[in-house]
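Novice: Below you will find the structure I want to go over with you.
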Amino acid sequence: MFPPLYILLIFIILPGKGVANNLFDDFNADLATNGRYYFEEKSEAVSDQLSGGIRVEAKLKYALEKLTFNGEIFTNWDSMDNARRYTDIRKANVYFSNSKITLGAGVDTFFWGVSESINVVNVLNQSDLRESLDGKVKLGQTFISMSHPFSNGEFSIYFLPEFRPIDFPERPAFGLPVSEKNVYENNEKEGGFATRALFYFSDYEFAVSYFEGTRRSPILIPQVNLKELLPYYIQTKNVLLDGVYLADDFTLKLEAKFGKERESAFTTSNIGIEYPSYILEDYIDEIIFIAEYVFDDRGITAETHGQNDIFIGAKFDFGETNQGNIRFLYSYDLDNKGQYLELNYQYRLSDYVRYKFKFISVLDSSPEDQRLHALRKEEFVKLSIHYAF
Amino acid sequence: MKSIKLRLMLVTFPFVVVASNASAEQNSVGKGYEIAALLDTRDAGFEDSSAKLSMILKNGQGAQTVRELQIKILENTDQGDKSLITFDFPADIKGTALLTHPSREGTDDQWLFLPTVDRTKRISSRNKSGAFMGSEFSFEDMTNKNLEDYNYRFLRTEACPNKNMDNSKCDVITRFPVDKHSGYSKQIMWIEQDNKQIHKIEYYDRKDSLLKVFTATDFKLYNDKYWRANVVEMRNVQTNKATVLEYSSIQFGSGLTKREFHRSSLGK
């Protein structure tokens, strides 16, 4: 089916750029077309091994004395996957700032954390699994916030009035189709509230946070009769700690979450090291090597596949003007021997055009490692060509 | 008698030479520091400044890539001037920002905001010798320097480079970075005596080979007090790649606030 809405959007955005630039301080857009190919057919779910799509992302900003308005809209159309035909408002917010306080309201995407592989403390926004399976791309979250900056940090409180469940794509599938119906612990569906105190001094930077509300990542309960997975959202209370220490030759990183879910205490953490290397400096300015260890004692209710896993990876820019970028990540499960591989490649062809390539593969998994095992035979490659202006 | 005098001279000569060299060395260090201190205070009282920049990246074959950015600087006599550099073009890196809080006692605090992932990343000392957004400027080159960041030595006085016509004299000094993670072993600077304009800096790598040459041209006087070069170039003599920064819309005292240079303002 022809995607008229998306073509219409492109025709509005392209000539509208000049008008938008006059109206707003900043306006930019990214138009992309993409293709996705799954190496294996998935008979239990859908059989779309090859699909194509269009993606539009537009951002704007307008400042008026102490007020700042931000907007960001994301929309995607996919030829095969109905769940990937959607629009999301990532940002639609206003911030008022003076020297003592910042007040904010609307929709925003927040990032908490320091790690490369899994951000266990990035808890405020729901993940957009239709755009990125690793959960790093987030949906917009409604909020009201108040922050007080001080000389070496900031204290913030957030009220999050709305909870958004995950919208699962048809593929990558999690073994069985995911039900469109969601179930909530005690019928509670709460965006929640959070506080965060960030400090930095000398070579240290760390934050202590608290979050209480409905956990963003559900437990997927197999429904044997219906042959589907039922998302079950539970309540969670978290104390979160994240920070970095800049040593002479490397950076130490920590993300930790302590909390209570379903009357049980739990701990999850990501401890890592980042080491910049200049061994190939004649060709590449800098290669950053990453090693992280993710621990989670929640067993099958863990939020990710990292429960006793080691992640190693590297990332670097290349090319005469650093027009290329590669990021590679591999994980190994110390309990169940599961292995996961992810490769991201980006290259800028001109000031306006670039392409991206992504490949994910579950190299090995056992049924005990439910989250990773569900993704076996779901390896895919994705190629997208972007025009940004 | 003659022989005793000769012997005495022979015995004392090395001490006199050593003492004289030590004294010359001390004078050279003192004069180098004095010139650097005058350079450090030349812009006192400017409060804040801002400018738009075109960053032109040139490869060894002469092909060019242009990036547009803005720079804002807030005077901070306590620890050193804070700076905020934000990219405007190309669109895929628009909003990428580098915030620097210099420190007189320790290492500078530096953060990089990446809008594609809404993430603010702390830059470590070791990263600071890395290229800034693919240019010939390193993160280290993009920070405002404090007097305490270097040790100094006066070398000589000579005609300023590129200004041979008007008899301008430049003091040439060497500065040695205190930070062991600096990408340089030393920098040789040409500073005009009258107005303290920096005309040229030679950057030497850790192996003490000439790595890059910075040149500044098209100086203009702003607010009758502050000299600024409108065009600067950093040329890597080992690769023949170069980055040119062309400044426009330079403004002083436009009322920038501490809040705009706070870490939490990145991305807002």
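Novice: Kindly state, to the nearest 0.05, the FRET efficiency for A:Asp335 paired with A:Leu363, given R0 = 22 Å and r defined as their beta-carbon distance.
Specialist: Calculated transfer efficiency: 0.85.
Novice: Under a point-charge model restricted to the Cβ atoms of Lys and Arg (+1) and Asp and Glu (-1), what is the dipole moment magnitude of chain A relative to its Cα centre, in debye to the nearest 20?
Specialist: 1240
Novice: Still on this structure: Using 7 Å Cα-to-Cβ label points, what is the B:Val117/B:Asp194 separation (nm, one decimal)?
Specialist: 5.1
Novice: Positive end of the charge dipole of chain B (Lys, Arg +1 and Asp, Glu -1 on Cβ, about the Cα centre): tell me which of B:Gly253, B:Phe176, B:Gln110 has its Cα farthest that way.
Specialist: Selected residue: B:Phe176.
Novice: For a paramagnetic label modelled at 7 Å from the Cα of B:Arg206 toward its Cβ, which residues of the stretch A:275-294 fall within the zone defined by backbone nitrogen distances under 18 Å?
Specialist: Only A:275-289 fall inside the zone, counting backbone N under 18 Å.
Novice: Given that compact globular proteins tend to follow 2.2 N^0.38 Å, what is the ratio of the alpha-carbon Rg of the stretch A:4-388 to that value?
Specialist: The value comes to 1.01.
Novice: Okay, moving on. On a C-alpha basis, how far is the centre of the stretch A:183-207 from the centre of the stretch A:89-125 in Å? Whole number, if you could?
Specialist: Using only Cα atoms, the two centres lie 11 Å from each other.
Novice: GNM, chain A, Cα, under 10 Å: largest mean-square fluctuation among A:Arg298, A:Arg371, A:Arg84?
Specialist: Result: A:Arg298 has the largest fluctuation of those listed.
Novice: Could you check the spin-label model distance between A:Phe201 and A:Leu64? Points 7 Å from the Cα along Cα→Cβ, value in nm.
Specialist: 4.1
Novice: Once both axes come from the Cα atoms, what is the angle between helix B:2-40 and the longest principal axis of chain B, in degrees from 0 to 90, rounded to 10?
Specialist: Helix B:2-40 sits at roughly 20 degrees to that axis.
Novice: Moving to a separate point now. Modelling each spin label as a point 7 Å along the Cα-to-Cβ direction, I'd like the B:Val237/B:Lys180 distance in nm, to one decimal.
Specialist: With each label placed 7 Å out from Cα toward Cβ, I get 2.9 nm.
Novice: OK, next. Where in the stretch B:238-268 does accessible area fall by at least 30 Å² between the isolated chain and the complete protein assembly, at a 1.4 Å probe radius?
Specialist: B:Lys241, B:Arg259, B:His262, B:Arg263, B:Ser264, B:Lys268
Novice: I need the per residue convex hull volume for the protein assembly as shown, using only the alpha carbons, in cubic angstrom as a whole number.
Specialist: Hull volume normalised by residue count: 193 Å³.
Novice: In the stretch B:52-95, which residues have a backbone nitrogen under 17 Å from the label point lying 7 Å from A:Tyr352's Cα in the Cα-to-Cβ direction?
Specialist: Under cut-off, by backbone N: B:65-68, B:89-94.
Novice: Once you've got the GNM for chain A with C-alpha springs shorter than 10 Å, pick whichever of A:Ala194, A:Ala247, A:Ala291 has the biggest mean-square fluctuation.
Specialist: Among A:Ala194, A:Ala247, A:Ala291, the largest GNM mean-square fluctuation belongs to A:Ala247.
Novice: Further question on the same structure: Write down the Å³ per residue value for the convex hull defined by the alpha carbon atoms of the stretch B:90-135.
Specialist: Taking only Cα atoms, the stretch B:90-135 has a hull volume of 81 Å³ per residue.
Novice: Further question on the same structure: As an exercise, use a Förster radius of 35 Å and the Cβ-Cβ distance of B:Thr157 and B:Ser54 to find the FRET efficiency, rounded to the nearest 0.05.
Specialist: Computed FRET efficiency for B:Thr157 and B:Ser54 comes out at 0.55.
Novice: May I ask you to give the percent of accessible area on chain B that is carbon plus sulfur, with a probe radius of 1.4 Å?
Specialist: So the carbon and sulfur contribution to the accessible surface is 52 percent.
Novice: Buried accessible area between B and A (1.4 Å probe, both chains summed, ligands and nucleic acids excluded), in Å² to the nearest 100?
Specialist: It comes to approximately 3700 Å² buried between B and A.
Novice: Kirkwood Rh and Cα-based Rg: tell me the resulting Rg over Rh for the stretch A:205-303, rounded to two decimals.
Specialist: Over the Cα atoms of the stretch A:205-303, Rg/Rh equals 1.15.
Novice: Given R₀ = 22 Å, what would the calculated FRET efficiency be for B:Thr257 paired with B:Glu105, taking r from the Cβ atoms and rounding to 0.05?
Specialist: That pair, B:Thr257 with B:Glu105, gives E of 0.35.
Novice: For chain A, set up a Gaussian network in which alpha carbons nearer than 10 Å are linked by springs, and say which option among A:Gly104, A:Gly53, A:Gly153 fluctuates the most.
Specialist: A:Gly153
Novice: Please give the contour-minus-distance gain from A:Val208 to A:His148: 0.36 nm per residue of separation, less the Cα-Cα distance, rounded to one decimal in nm.
Specialist: 20.1 nm
The values are calculated or read from the model by the stated rules, or taken from the named source; none is laboratory data. As the structure is a prediction and not an experimental result, all values here were calculated from the model. Heads up, the Cβs are rebuilt from the backbone with ideal geometry, glycines too, and the neighbour counts pull from every protein chain shown. Areas reflect the complete protein model, heavy atoms only, side chains present, ligands, DNA and RNA absent. Shrake-Rupley method; radii C 1.70, N 1.55, O 1.52, S 1.80 Å.
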